[in-house]
Amino acid sequence: QVHVVESGGGLVQAGGSLRLSCAASETIFGIKHVGWYRQVPGKPRELVAAIPSGGTPNYADSVKGRFTISRDNAKNALSLQMNSLKPDDTAVYYCRFEADYGYDYWGQGTLVAVSS
């Protein structure tokens, strides 16, 4: 059973920075997509940033130029550097590894709270 563990959330003032990290407990084969998502109560989970297999990173319009996603294939790890944070960025952030044959692994979520 693969477990995905996230870290790095917390409370920060507007304009500040945080770095989220996640790692899978073991090697995941056939990864198609890795990404960070976020969710606020009462709204659907939304994609923040992703790296498709063999592709280039893509970002939600709301975070372009402020967030950077990176991946360490050797460690099955993923990071999200978040700069110039805004109160609208407040959410629970989830890490995801999607692989072949329907395997889809999510972390438990980490809370990011941005105060104005």
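The values are calculated or read from the model by the stated rules, or taken from the named source; none is laboratory data. Small disclaimer: the values here were computed from a predicted structure and weren't measured. A quick note on method: Cβ atoms are made from the backbone with ideal geometry, for glycine too, and the neighbour counts reach across all protein chains shown. These accessible areas exclude ligands, DNA and RNA; they are computed on the full protein's heavy atoms, side chains included. Shrake-Rupley method; radii C 1.70, N 1.55, O 1.52, S 1.80 Å.
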*Can you tell me which residues in region 72-82 are touching a strand residue (DSSP E or B) at 6+ places or on another chain (Cβ under 7 Å) and of a type outside the set (A, V, I, L, M)?*
Lys75, Asn76, Ser79, Gln81
*Are any residues in region 66-80 in a strand (DSSP E or B) and open to solvent by 50 Å² or more (accessible area, probe 1.4 Å), and if so, which ones?*
Thr68, Arg71, Asp72
*If a residue has to be under 12 Å from the mean Cα position of the chain (by Cα) and closer than 20 Å to Pro87 by Cβ to count, how many in region 19-46 make the cut?*
8
*Within region 1-14, track down each residue that is outside any loop (DSSP other than H, G, I, E, B) and open to solvent by less than 70 Å² (accessible area, probe 1.4 Å).*
Val4, Glu6, Ser7, Gly10, Val12
*What number of residues in region 33-65 are open to solvent by 30 Å² or more (accessible area, probe 1.4 Å) and assigned to a loop (DSSP other than H, G, I, E, B)?*
15
*asked:* Among the residues of region 15-32, what is the count of those that are in a loop (DSSP other than H, G, I, E, B) and not charged (D, E, K, R)?
replied: 8
*Within the set of pairs 6 or more residues apart or between chains, which connect a residue that is in contact (Cβ under 8 Å) with a residue 12 or more places away in the chain and open to solvent by less than 60 Å² (accessible area, probe 1.4 Å) inside region 94-109 to a residue that is of a type in the set (Asp, Glu) and not in a helix (DSSP H, G or I) with Cβ atoms less than 7 Å apart?*
Cys95/Glu6; Glu98/Asp104; Gly107/Glu6; Gly109/Glu6
